[in-house]
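The values are calculated or read from the model by the stated rules, or taken from the named source; none is laboratory data. None of these values were measured; they are calculated from a predicted model. Heads up, the Cβs are rebuilt from the backbone with ideal geometry, glycines too, and the neighbour counts pull from every protein chain shown.
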Ligand SMILES: Cc1cc2nc3c(=O)[nH]c(=O)nc-3n(C[C@H](O)[C@H](O)[C@H](O)COP(=O)(O)OP(=O)(O)OC[C@H]3O[C@@H](n4cnc5c(N)ncnc54)[C@H](O)[C@@H]3O)c2cc1C
């Protein structure tokens, strides 16, 4: 099939990956039409502060705009906010929106991100929260900001732990319940997950692991001294005034069933983020691609930097292919950061369950350390807790795919 002329590009998903894709198209000189389509009615905003400075009340929503109004004008975007895309036909090259409009695209960037996972039959209640959107964050903030509540967090992933830290700092009594034997196992491995949660113990927040949450129940008023309980597998109940469910996310691909795209825990892409058909790319939390930096391991990454970079690369590659040039593969060292009780936690690379982990600077006892992760004798990851500069210096070592021992020697000198 011949490359279609790129006259109009549609970008679905008005968050970081989508906005970066729009910026990337213009930065590369694309002068055609760009329409940015988003389910949410808000102007594009940034999510990381939703569990941190926005939730704590330190920042108001105007601080988290992803594009300032004057930049929006420069980008010359047509915005279709509050109107989700509901269907895609890659055979017809059309996109259908919920308002019934059908749009013909030349180029398409799919950046629909991820949505919160829920407990089976999760109780609908105004004191049971999830956290993904600005509205979620503001609603939760209005409940916890006065302090004095018993807040139960279900799930000790990064978002659950950040909410725990913020809720605690606002003067609430907080407990975190986690089904796995250790927190943050997927992101950091069990030992380092435990090390990070010591920060919570220091701040009076128990992180209880290996507990099975059966369900959330509403109680008759007065019983258990609270409106809600979390019932655990061993029969124990955790009385709660407010519950936050933070058990992870799933990529938003339901609307793409029957589109002709391959969907497997995300939109399956090649190394250049092309989702199969000419001109169709995916970026951000929704994209799954083989990362040559990790021997072509197929990954889907749920972090801000990945979404930002992929938005740009998707745009650049769409234009390159349309010009007849070679697109570039997205080879990257994944990176994320978190902030809990004022301590910055940063991780570069990939953790696997059986990694060799070595602390090369500081110590867990000091709550400040740099740990390296190795597998098969090769460096795979670096974790910094209150070690902002040294951990970022490890990026070079990861890009160079140093042997684990050489990396340990190099990082000890950072
Ligand atoms: C509370 C919170 C804190 C976080 N903190 C950090 C952090 O500290 N560090 C870090 O690295 N990462 C953090 N993250 C993760 C980071 O924010 C995400 O990786 C990033 O937002 C992913 O961007 P995205 O553009 O791919 O998708 P998303 O941000 O999920 O955005 C997708 C957008 O697409 C819209 N959409 C979905 N379906 C449709 C449709 N059919 N039609 C139109 N629009 C649609 C959605 O409504 C949404 O606005 C945090 C996330 C949250 C929720």
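At-a-glance table
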{"item": "Test result for residue 35, without any contact (Cβ under 8 Å) to a residue 60 or more places away in the chain and either within 14 Å of the ligand (Cβ to nearest atom) or under 17 Å from the mean Cα position of the chain (by Cα) (or both)", "result": "no"}
{"item": "Residues that are away from the ligand (no atom under 12 Å from the Cβ) and either free of Cβ contacts under 8 Å to residues at least 40 places away in the same chain or farther than 30 Å from residue 273 by Cβ (or both), drawn from the range 105-137", "result": "119, 120, 121, 122, 123, 124, 125, 126, 127, 128"}
{"item": "Test: residue in the range 56-67 that is touching a helix residue (DSSP H, G or I) at 6+ places or on another chain (Cβ under 7 Å), within 12 Å of the ligand (Cβ to nearest atom) and closer than 15 Å to residue 36 by Cα", "result": "yes"}
{"item": "Given (1) touching a helix residue (DSSP H, G or I) at 6+ places or on another chain (Cβ under 8 Å); (2) under 29 Å from residue 203 (Cα atoms); (3) at pLDDT below 95, number of the condition residue 352 does not satisfy", "result": "(1)"}
{"item": "Hits in the range 295-313 - residues which are more than 7 Å from the ligand (Cβ to nearest atom) and assigned to a loop (DSSP other than H, G, I, E, B)", "result": "295, 296, 300, 301"}
{"item": "Conditions (1) within 24 Å of the chain's Cα centre (by Cα); (2) at pLDDT below 95; (3) more than 23 Å from residue 301 (Cβ to Cβ): number failed by residue 227", "result": "(1)"}
{"item": "Test: residue 152 is within 30 Å of residue 34 (Cα to Cα) and either touching a residue at least 40 places away in the same chain (Cβ under 8 Å) or crowded, with 17+ Cβ neighbours inside 10 Å (or both)", "result": "no"}
{"item": "Some residue of the range 113-128 being under 30 Å from residue 321 (Cα atoms), touching a helix residue (DSSP H, G or I) at 6+ places or on another chain (Cβ under 9 Å) and at pLDDT 95 or above", "result": "yes"}
{"item": "Hey, residue 306 out of contact with any strand residue (DSSP E or B) (no Cβ under 6 Å at 6 or more places or on another chain) and not assigned by TED's automatic domain parsing to the domain that holds residue 169 or not", "result": "yes"}
{"item": "Leading residue by the ranking (farthest from the ligand (Cβ to nearest atom)) among those in the range 138-151 that are more than 22 Å from residue 218 (Cα to Cα) and part of a loop (DSSP other than H, G, I, E, B)", "result": "146"}
{"item": "Residue among 410, 386 that is surrounded by 16 or more Cβ atoms within 10 Å (Cβ to Cβ) and in contact with a helix residue (DSSP H, G or I) (Cβ under 9 Å, 6 or more places away or on another chain)", "result": "410"}
{"item": "Test: residue 331 is assigned by TED's automatic domain parsing to the domain that holds residue 270, more than 13 Å from the ligand (Cβ to nearest atom) and not in a strand (DSSP E or B)", "result": "no"}
{"item": "Per-region count, the range 152-207, residues farther than 22 Å from residue 232 by Cβ, more than 16 Å from the ligand (Cβ to nearest atom) and in a helix (DSSP H, G or I)", "result": "5"}
{"item": "Checking residue 83 against (1) over 22 Å from the mean Cα position of the chain (by Cα); (2) in a loop (DSSP other than H, G, I, E, B); (3) more than 12 Å from the ligand (Cβ to nearest atom), the condition it does not meet", "result": "(3)"}
{"item": "Odd one out for residue 54, checked against (1) under 27 Å from residue 140 (Cβ atoms); (2) part of a loop (DSSP other than H, G, I, E, B)", "result": "(2)"}
{"item": "Qualifying positions in the range 283-294 - more than 8 Å from the ligand (Cβ to nearest atom) and in a helix (DSSP H, G or I)", "result": "292, 293, 294"}
